[in-house]
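The numbers here are math on the coordinates, done by the rules we state, and not lab data. Computed from a prediction, not measured in an experiment: that's the story for all the values here. Methodologically, a virtual Cβ is constructed for each residue, glycine included, from the backbone with ideal geometry; neighbour enumeration extends over all protein chains shown.
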Amino acid sequence: MPAAARKVIVSCAVTGAIHVPSQTPHLPITPEQIATSAIGAAEAGAAILHLHARDPDDGSPSPDPALFAQFLPRIKARTDAIINITTGGGQHMTVDERLATPLQMQPEMCSLNMGSMNFGL
């Protein structure tokens, strides 16, 4: 089958979870930067946008639903990409903390880390 005839789904992890601003100046950390990057990825062909929120002050990952609320509506208004937000988090997050944003924001898709999460090993 010719490459052009194959159907693919492109998923873009706009921020990732483990990257930090010191690794690259291109990591979007503010809600505005995350929205702009996600919209650009969708315009470039991404069908799924896998999104994490970041603390805009230091760039660290944040589960705060208020941060997601600052960029998800803008992305939804500008793209038809599937919104996929994380349910992952640090080793000290409770299940309720992991589910707060998905339950509040109602994305089309959520990631779910199955299996062992051996933090600190």
* Report, in degrees rounded to the nearest 10, the 0 to 90 angle that the Cα long axis of helix 31-43 makes with the longest principal axis of the chain. => 30
* Asked: Ordered by packing density, taken as the mean number of other Cβ atoms within 10 Å over each peptide's residues, highest first, how do 56-65, 15-24 rank?
  -> 56-65, 15-24
* Asked: So how do 102-109, 47-54 stack up, highest first, on mean other-Cβ count within 10 Å?
  -> 47-54, 102-109
* Using modelled amide H (1.01 Å from N, peptide plane; none on Pro or chain starts), what sits under 5 Å from the amide H of residue 54, excluding residues fewer than 5 places away? -> 62
* So what's the net charge close to residue 84: Lys and Arg +1, Asp and Glu -1, counting the other residues with Cβ under 14 Å from its Cβ? -> -1
* Residues with amide H under 5 Å of residue 10's amide H, sequence separation 5 or more or different chain, H placed in the peptide plane at 1.01 Å from N; which? -> 47, 48
* **For the chain, calculated [θ]222 nm from helices alone, where every DSSP H run of n ≥ 4 adds -39500 (n - 2.57)** => -10000 deg cm²/dmol
* To do: Treating only the Cβ atoms of Lys and Arg (+1) and Asp and Glu (-1) as charged, compute the dipole magnitude of region 1-105 about its Cα centre; round to the nearest 20 debye.
  => 520
* Asked: Per-residue HN-Hα couplings for region 92-99, Karplus 6.51 cos²θ - 1.76 cosθ + 1.60 at θ = phi - 60°, whole Hz, x for Gly and Pro?
  -> 9, 7, 7, 4, 4, 5, 5, 8
* Asked: More than 17 Å apart: what percent of Cα pairs in the chain qualify?
  -> 57
* Relative contact order for the chain, counting Cα pairs under 8 Å that sit 6 or more residues apart, in percent -> 23
